[in-house]
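In what follows, a structure is listed as structure tokens, so that the remarks can point back to it.
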Amino acid sequence: MRDYIEERAISIANYIIEHGTTVRQTAKDFGVSKSTVHKDVTERLEHIKPNLAKEVRRVLDLNKSERHIRGGMATKEKYLHQH
């Protein structure tokens, strides 16, 4: 695997852990696609640093469990500003 890809995967993982960001937010901050972020932290990172992959998985699982709440809040905000 190319060095820059490994470095990016590690950087992305550390960023997600440090800031608790979602895949979508991280992709925007790093200027890459959501697919790239997801592949980096779920597939590539497993081969590079398995312990780091486990930590980032915990954050992603937490974000996934809260996803419906964030969606509801966004919808609420949308309708509050329309009226």
task: Please specify each residue of region 53-83 satisfying the condition of being farther than 26 Å from residue 8 by Cα and among the hydrophobic types (A, V, I, L, M, F, W, C).
output: 69, 73, 74, 80
message: I'm checking my understanding of the structure. Among residues of region 46-71 that are touching a helix residue (DSSP H, G or I) at 6+ places or on another chain (Cβ under 7 Å) and of a type in the set (Asp, Glu), which one is farthest from residue 20 (Cα to Cα)?
response: 46
task: Please go through region 20-45 and pick out each residue that is among the hydrophobic types (A, V, I, L, M, F, W, C), more than 10 Å from the chain's Cα centre (by Cα) and under 18 Å from residue 61 (Cβ atoms).
output: 45
- request: Could you list, in sequence order, all residues of region 51-66 that are among the polar types (S, T, N, Q) and surrounded by 15 or more Cβ atoms within 10 Å (Cβ to Cβ)?
  value: 63
- prompt: In region 30-45, which residue that is open to solvent by 60 Å² or more (accessible area, probe 1.4 Å) and in contact with a helix residue (DSSP H, G or I) (Cβ under 7 Å, 6 or more places away or on another chain) is farthest from residue 70 (Cα to Cα)?
  reply: 30
field: Only listed residue being in contact (Cβ under 8 Å) with a residue 40 or more places away in the chain and of a type in the set (Gly, Ala, Ser), chosen from 53, 27
entry: 53
field: Exclusive hit being more than 13 Å from the chain's Cα centre (by Cα), surrounded by fewer than 18 Cβ atoms within 10 Å (Cβ to Cβ) and either basic (Lys, Arg) or modelled with pLDDT of 90 or more (or both), set 17, 69, 48
entry: 48
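The values are calculated or read from the model by the stated rules, or taken from the named source; none is laboratory data. Predicted, not measured: the structure shown is a model, and the values here were computed from it. Note that we place each Cβ from the backbone using ideal geometry, even for glycine, and neighbour counts take in every protein chain shown. Heads up: the accessible areas ignore ligands, DNA and RNA and are worked out on the full protein's heavy atoms, side chains in. Shrake-Rupley method; radii C 1.70, N 1.55, O 1.52, S 1.80 Å.
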